[in-house]
Amino acid sequence: MGKDNFDYEKFEQEAVEAIKSGKEVFGKEGVFTPLLKRFLEKGLQIEMDQHLKDDTQQQNKRNGKSTKTIRGSSGSFELSTPRDRQGNFEPKAVGKRQVFLGEDIEAKILSLYGKGNSYEQIRSLLHEFYGLKISAGQISELTDKIIPELEQWQSRPLRRMYPFIWLDAIHFKVRVNGAVESRALYNILALTPDGHKELLGLYVAVEESATMWLHILEDLQSRGVEDILIVSTDNLKGFSEAIEALYPKTMVQSCIVHQIRNSLKYVVYKDRQPFTYDMKSIYKAPTIEEAEKALAALENKWADKYAPAIRSWQNNWHKLSTFFDFSKEIRRMMYTTNTIEGVHRQMRRVTKTKGAFSSEMALKKLVYLSIREISKKWVGKQSNWGLVMAQLKIKFGERFDDEC
């Protein structure tokens with residue numbers, strides 16, 4: 001096959017005979033691979049001609065060719081790509097750093113990784129279904145291509161107002177200078193004014209602290225968040241103070257489920273069931289007056305045995321009782337952090353086989369890809385959103401801005 005005089009009639013005859021003889025259609029030795037290779041190389045030459053033509057000062061010139069292996073769903077082949085002296089030629093037919101033919105393969109790899117498959121599992125699946133043979137290192141390089149997208153997503157502008165935000169952290173193991181250390185991954189899940197879920201960001205730190213949450217809230221402000229109506233948090237000390245410092249009008253609800261767990265740490269096993277039942281009468285009460293009566297009853301019954309648990313309820317009551325200002329539809333949404341913990345459970349399913357991550361970026365990369373997969377299911381609005389939105393407008397007036 002000549003470079004500039006391709007005999008298509010001869011190729012057609014040879015291709016038909018080769019197929020009849022059982023030769024592979026695609027792949028390194030495939031019948032149609034020379035034709036695909038020629039089309040791509042010809043396209044690259046045309047792009048280079050136009051690139052040099054667009055150089056008005058005519059200072060740039062050709063600088064030979066380089067060769068790379070191109071892999072596709074039908075096999076692989078060697079492709080010659082032209083180079084220019086200034087090194088600013090960016091081809092479109094096959095990108096400068098592109099080694100997979102077709103973004104569908106790259107998208108499949110990222111999706112498989114985001115669903116929790118290991119590099120070895122991805123290699124096996126690609127070979128079984130597409131005949132592709134690629135190394136774990138190449139898969140790692142491909143997943144690294146998601147980092148600029150992750151960084152852009154992390155710094156993207158946000159809405160001016162969010163009616164609900166849930167704040168919580170999840171912990172992972174990360175290798176640091178050869179040692180395995182714990183890292184807190186902070187997540188911020190929000191409901192938009194039209195009732196859809198949106199993860200606003202993810203942050204990694206050595207441990208969970210009110211100081212780090214203050215830094216995260218500052219980042220949200222810098223990205224455009226001026227107002228938050230309701231925040232649901234765990235019971236971390238200093239958390240509500242951090243929120244109040246930046247969003248003084250925001251109503252803070254501490255998680256009832258976290259409060260129950262913390263209280264039961266002081267209770268012996270045989271008393272746990274009746275103690276839990278008595279706590280339930282507090283947060284299931286129809287009004288705050290009834291809840292306060294139930295809290296007093298809890299104190300009268302159990303204070304002699306479990307004073308620390310009772311004091312915990314009393315000391316945090318101003319944060320635990322916020323949800324009584326709202327109807328049952330809104331109470332259900334705000335009195336626990338179950339909404340974001342549900343997202344964490346899905347993240348755990350993806351990351352549970354990973355052991356210790358090689359770096360903080362490896363952790364963020366996988367969690368971000370898992371978020372992309374999880375958020376594909378966030379297509380519907382929050383249940384009863386029309387009713388909730390009407391109540392929020394009454395409660396917060398102009399602060400609820402459904403146009404933001």
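The values are calculated or read from the model by the stated rules, or taken from the named source; none is laboratory data. Given the structure is predicted, the values throughout are model-derived calculations rather than measurements. Neighbour counts are summed over all protein chains in view; Cβ atoms, including those assigned to glycine, are modelled from backbone coordinates with ideal geometry. Surface areas here come from the heavy atoms of the whole protein model, side chains and all, with no ligands, DNA or RNA. Shrake-Rupley method; radii C 1.70, N 1.55, O 1.52, S 1.80 Å.
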Quick count over the stretch 139-161, residues being open to solvent by less than 60 Å² (accessible area, probe 1.4 Å), over 30 Å from Ile394 (Cα atoms) and touching a residue at least 40 places away in the same chain (Cβ under 8 Å), is 8
Of the residues in the stretch 331-340 that are part of a helix (DSSP H, G or I) and more than 14 Å from Ile165 (Cβ to Cβ), the one that is most open to solvent (accessible area, probe 1.4 Å) is Arg332
Residue hits (the stretch 345-372; under 25 Å from Pro148 (Cβ atoms), open to solvent by 30 Å² or more (accessible area, probe 1.4 Å) and assigned to a helix (DSSP H, G or I)) are Gln346, Glu360, Met361, Lys364, Arg372
Taking the stretch 379-404 and keeping only residues that are under 26 Å from the mean Cα position of the chain (by Cα), surrounded by fewer than 13 Cβ atoms within 10 Å (Cβ to Cβ) and not hydroxyl-bearing (Ser, Thr, Tyr), one is left with Val379, Gly380, Glu403
Apart from one, (1) assigned to a loop (DSSP other than H, G, I, E, B); (2) crowded, with 20+ Cβ neighbours inside 10 Å; (3) of a type in the set (A, V, I, L, M, F, W, C) all hold for Leu217; the odd one out is (1)
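Tally time: how many residues in the stretch 162-196 are among the charged types (D, E, K, R), touching a residue at least 40 places away in the same chain (Cβ under 8 Å) and in a strand (DSSP E or B)? Give the steps one after another, and end with the answer.
At the first step, the residues of the stretch 162-196 found to be among the charged types (D, E, K, R) are 168, 173, 175, 181, 183, 194.
Filter once more, so that each one left must be touching a residue at least 40 places away in the same chain (Cβ under 8 Å): 168, 173, 175, 183, 194.
Now drop any that are not in a strand (DSSP E or B), which leaves 168, 173, 175, 183.
Of the residues in the stretch 162-196, 4 are among the charged types (D, E, K, R), touching a residue at least 40 places away in the same chain (Cβ under 8 Å) and in a strand (DSSP E or B).
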Please indicate, with yes or no, whether at least one residue in the stretch 280-299 is open to solvent by 50 Å² or more (accessible area, probe 1.4 Å), over 19 Å from Leu191 (Cβ atoms) and of a type in the set (Val, Ile, Thr).
-> yes
Of (1) open to solvent by less than 10 Å² (accessible area, probe 1.4 Å); (2) in a strand (DSSP E or B), Tyr203 fails just (1)
With the first residue restricted to the stretch 253-267 and required to be open to solvent by 30 Å² or more (accessible area, probe 1.4 Å), and the second required to be among the acidic types (Asp, Glu), Cβ contacts under 6 Å at 6 or more apart or on different chains are His258/Asp234
Only one of Ala245, Ala296 is out of contact with any Lys or Arg (no Cβ under 6 Å at 6 or more places or on another chain) and more than 26 Å from His215 (Cβ to Cβ), namely Ala296
Quick count over the stretch 197-223, residues being at pLDDT 90 or above and either touching a Lys or Arg at 6+ places or on another chain (Cβ under 6 Å) or β-branched (Val, Ile, Thr) (or both), is 2
